[in-house]
1. For segment 62-83, list residues with backbone N below 11 Å from a point placed 7 Å from the Cα of Glu49 toward its Cβ?
2. Counting heavy atoms of the protein chains only and a 1.4 Å probe, report the per residue accessible area for the chain as a whole number of Å².
3. I'd like the orientation of helix 18-32 relative to the chain: the angle between its Cα long axis and the longest Cα principal axis, in ° from 0 to 90, rounded to 10.
4. With the full set of protein chains in place, find how many percent of the accessible area of segment 10-54 is carbon and sulfur; take the probe as 1.4 Å.
5. I want to check the label-to-label distance for Cys146 and Thr93. Put each point 7 Å from Cα in the C-beta direction and report it in nm to one decimal.
6. What relative contact order, as a whole-number percentage, does the chain give when Cα pairs under 8 Å and 6 or more residues apart are counted?
7. When the Debye formula is applied to the Cα atoms of the chain, each taken as the same point scatterer, what base-10 log of I(q)/I(0) results at q = 0.08, 0.09, 0.17, 0.18 Å⁻¹?
8. As a check on your grasp of the helix formula, calculate [θ] at 222 nm for the chain: sum -39500 (n - 2.57) over DSSP H runs of n ≥ 4, divide by the residue count, round to the nearest 500.
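The values are calculated or read from the model by the stated rules, or taken from the named source; none is laboratory data. The model shown is predicted, which means the values in this text are computed figures rather than measured ones. All Cβ positions, even for glycine, are placed from backbone atoms using ideal geometry, and neighbour counts span all protein chains on display. Surface areas here come from the heavy atoms of the whole protein model, side chains and all, with no ligands, DNA or RNA. Shrake-Rupley method; radii C 1.70, N 1.55, O 1.52, S 1.80 Å.
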Amino acid sequence: MKIAQVVHGFPPELASGGTERYTQALCQHLTERGHELVVIAGTLGLRSEIDIEDDHSHGFRVLRLHRDDIYFERWDKSWHPGVSKRFAEIIETERPDIVHVQHWFRLSRDLIRQVNRLGIPAIATLHDFFSTCPTAFRLLPDHSFCTDPILP
């Protein structure tokens with residue numbers, strides 16, 4: 001089975017977070033089980049235009065999707081039409097059997113919509129509260145907690 005893992009960052013560039021390490025371990029495990037993997041990852045690298053960096057150093061492909069704007073780690077910039085389009089092009093070219101979105105931070109929040117539009121099954125694992133709170137962990141800058149209810 002060909003599986004696309006989508007994550008906001010991937011080692012070695014981004015290796016300190018739990019989601020990145022979890023995704024890396026999952027990819028290694030799935031590869032050992034005979035699955036074909038492609039990782040589509042966000043980066044911290046800014047480019048003058050949306051760009052894809054193709055990395056084969058992990059035993060599976062990692063496509064790092066560079067954005068073309070600044071301050072892209074802000075919740076209010078979690079949708080990017082250009083990144084969304086490039087992501088859809090990658091999925092259309094790769095044609096995975098399933099797409100597993102680990103996180104869309106640094107990418108675009110409509111990734112599952114793009115995958116569904118192409119008729120490919122998709123799942124998401126929510127590793128934090130980014131979908132319900134701009135701070136991702138429901139902890140505000142003054143160290144108080146978000147009190148907005150978490151809606152379905």
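1. none
2. Accessible surface, normalised per residue, equals 54 Å².
3. 20 degrees
4. Values: 1130 of 2420 Å².
For segment 10-54, the apolar C and S fraction of the accessible surface comes to 47 percent.
5. 3.4 nm
6. Taking the mean separation of contacting Cα pairs over the length of the chain, I get 22 percent.
7. -0.22, -0.28, -0.98, -1.09
8. Value at 222 nm, helices only, nearest 500: -7500 deg cm²/dmol.
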